[in-house]
Amino acid sequence: MSELVAQLIWNGLVTGALIALVALGLTLIYGVAGFIQFAHGEMVALGAYSFMVMHKLVGWDIFPSAFAAVCFIIIVGLLFEKVFFRPVRDADPMIPLVISIGLSIGLQALILIFWGPNILTISDTSFRSLSLFGGKILATPSQIWAVILSLLLMIGTTIFLHKTKIGKSLRAVASNRNVAEVFGINVDTSMTWIFGVGAGLAAISGIFLGFEQNLEPMMGVIIAIKAFSAVILGAVGSVRGAIIGAFLIGLSESLLVGLGIIPSGFTAAIPFVILIGMLLLKPEGLFGKRFQSLRQ
């Protein structure tokens, strides 16, 4: 029984790490741009598909393929910000929100056009399961890399926001855009940084997600829903809350289903149940006030 629980906890940590990267990007974009980027899930899917093209079709090794895929998605994110979101930066927040929904639907259609509805895979034969902690846990190299790299990226992003000049300017824009402009902070540059970082995090999550499951056009929607739930669970706009909320959802899914408490067919409903419960009991989230910014 202890081995089963240990394995389930490890699986939950892997899932939580991937959700956390997506939730972190959503939180950063919301904090600076002021709206939820609904197309963020499709950036995850594009990251996975781009990696598959580089690795399986072009024939590059794993790391060059991953680097190229992340760079491509960052460029896509920067183009989206400049073409679609910058012109409506000062408009009602509903406008960029609706635009992001349209982009989400459009990207899903493009994925269907280019890769079709068939389920694809990018699993590598060299990534075989390893025994950890005396055989209590089985983990693939991709899972180990996912957890380690996700934790490093989360720590690095936090340090970036609080210790660097650019990070402090991003937090200033998130706190009060008008005052930040008065003090000479370039809001356009801040938007560029935040969309680039968010897209990069989404791409990395998508690559690791591709090793964990098959590729299909709606894969980004599923993890985006979990990430939205994590953001609200932790507190909208809170970096710390998004990360903790993501791991709570990942562990809840793994333990509740793995221990037979909830049938596997209801796995997709778990984030919604957690989200509804949080909205009823503590709508401001686990940390901070409702709609707080990146200041905490």
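Structure above, values below:
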| item | result |
| --- | --- |
| Among VAL88, VAL22, VAL182, residue whose mean-square fluctuation peaks in a GNM of the chain (springs only between Cα atoms under 10 Å) | VAL182 |
| Part-to-part distance (alpha-carbon centres) for segment 11-77 and segment 109-172, which is given in Å | 9 Å |
| Where only C-alpha atoms are counted, convex hull volume of segment 82-238 per residue in Å³ | 153 Å³ |
| Relative contact order computed over the chain (Cα-Cα under 8 Å; 6+ residues apart), in percent | 35 percent |
| Angle between the chain longest axis and helix 219-234 axis [Cα atoms, degrees, rounded to 10] | 70 degrees |
| Segment 1-108 shape via C-alpha gyration tensor axes, a/c threshold 1.5 | oblate |
| Neighbour net charge for PHE183 - beta-carbon separation under 12 angstrom, K R +1, D E -1 | +1 |
| Stokes-Einstein translational diffusion, segment 1-53 - Kirkwood Rh over all Cα pairs, 1.002 mPa s, 20 °C, in µm²/s | 164 µm²/s |
| Estimated 222 nm signal from helices in the chain, with DSSP H stretches of n ≥ 4 weighted -39500 (n - 2.57), rounded to 500 | -23000 deg cm²/dmol |
| Acute angle (nearest 10 degrees) that the helix 270-281 long axis makes with the longest principal axis of the chain, alpha-carbon atoms | 50 degrees |
| Relative contact order, percent, segment 18-129 [alpha-carbon distance under 8 Å, six or more residues apart] | 32 percent |
| Reachable lysines from LYS226, criterion Cα separation under 30 angstrom, eight or more residues apart if same chain | LYS56, LYS82, LYS136, LYS163, LYS168, LYS282, LYS289 |
| Theoretical FRET efficiency, 1/(1+(r/R0)^6), r = Cβ-Cβ of ILE148 and LYS56, R0 30 Å, to 0.05 | 0.80 |
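The numbers here are math on the coordinates, done by the rules we state, and not lab data. All values derive from a computational prediction rather than experimental measurement. Counting neighbours? That spans all protein chains shown, and the Cβs are built from the backbone with ideal geometry, glycine included.
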